[in-house]
Amino acid sequence: MTHDDKPGLTDQQRKAAQLIWDYHQMHHQLRPCDAAIALGSHDLGVPAYSAELFRAGLCPTLVFSGGPNPTAPDRFPRGEAIHFREHALDLGVPTDAILIEPNATNTGQNITLSRQVMADAGIRPGTLMLIAMPYMERRAFATARQVWPEVEIVCASQPIDFDDYLKGMGDERKVAEMLVGDLQRVIEYPKLGFAVEQEVPKDVHDAYDALIRDGFTSRLLN
């Protein structure tokens, strides 16, 4: 048993999950951007890393985006953006560097509604940083390329290795299910017009199929 006495992953399942984890990250070289959108989630690592990137001079404006988390409504009851903003303020980000988008319920809305919030504030970025959970980078990138193709995207996430992320989350199976769910969305969303297509290498697709066969299906689309 792992932390909290939850069943963990077998060696094969962990290897498959690690492959998918690595694929989800875009490995972009970080550089200064005109603004950043921090995508709402259940993970306070996102606003913490956003504050770090702000202090490093990589983004003069942070937009925190997200309403109540649909899968974990008790986590941030006043909405992801509100809680993320408070966390960033606690970490020293000044109020005037932060914009709030409190209504988004999916990644496409995170980007389109944040774009409007920035436009209302007179900010029209040519380069945009997307700050997300590590396994959400690729989906965020593909979504942004679809809904805001004219802006140049740099993806960023808290630099943490897979084993440390598993330990921090305390539920290895839940992490694997989220990895599988996000990969399904990378594969399926282009067909629905939500995102641009991303090539999925065969070994990553095989790992995905293996985890689905093993029952890691709770985050799959209906």
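Just so it is clear, none of the values below were taken in a lab; they were calculated from the coordinates. Just so you know, these numbers come straight off a predicted model, no measurement behind them. No Cβ is skipped: glycine too gets one built from the backbone with ideal geometry, and neighbour counts run over all protein chains shown.
Results, tabulated for the structure shown:
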| read-out | value |
| --- | --- |
| Dipole axis of the stretch 61-214 (+1 Lys, Arg; -1 Asp, Glu on Cβ), positive-most option in 119, 64, 106 | 119 |
| Check: the chain dipole with +1 on Lys, Arg Cβ and -1 on Asp, Glu Cβ, in debye | 360 |
| Most to least packed among 90-99, 155-164 [average Cβ atoms within 10 Å] | 155-164, 90-99 |
| Pairwise Lys count, the chain - Cα closer than 18 Å, eight or more residues apart or different chains | 5 |
| Net charge of neighbours whose Cβ lies under 12 Å from the Cβ of residue 110, counting Lys and Arg as +1 and Asp and Glu as -1 | 0 |
| Built amide H within the under 5 Å cut-off of residue 155, gap 5+ | 28, 130 |
| Within the chain, helix-based [θ] at 222 nm, where runs of 4 or more DSSP H residues each add -39,500 (n - 2.57), nearest 500 | -14000 deg cm²/dmol |
| For the stretch 130-137, Karplus couplings with θ = phi - 60° (6.51, -1.76, 1.60), whole Hz, Gly/Pro x | 9, 10, 9, 5, x, 8, 10, 4 |
| 3J(HN,Hα) from dihedral phi, the stretch 77-94, Karplus parametrisation 6.51/-1.76/1.60, rounded to Hz, x for glycine, proline | x, 8, x, 4, 4, 5, 5, 4, 4, 4, 5, 5, 4, 4, 8, x, 6, x |
| Sequence-distant residues sharing a close amide H with residue 63 (under 5 Å, placed H) | 36, 37, 38, 99 |
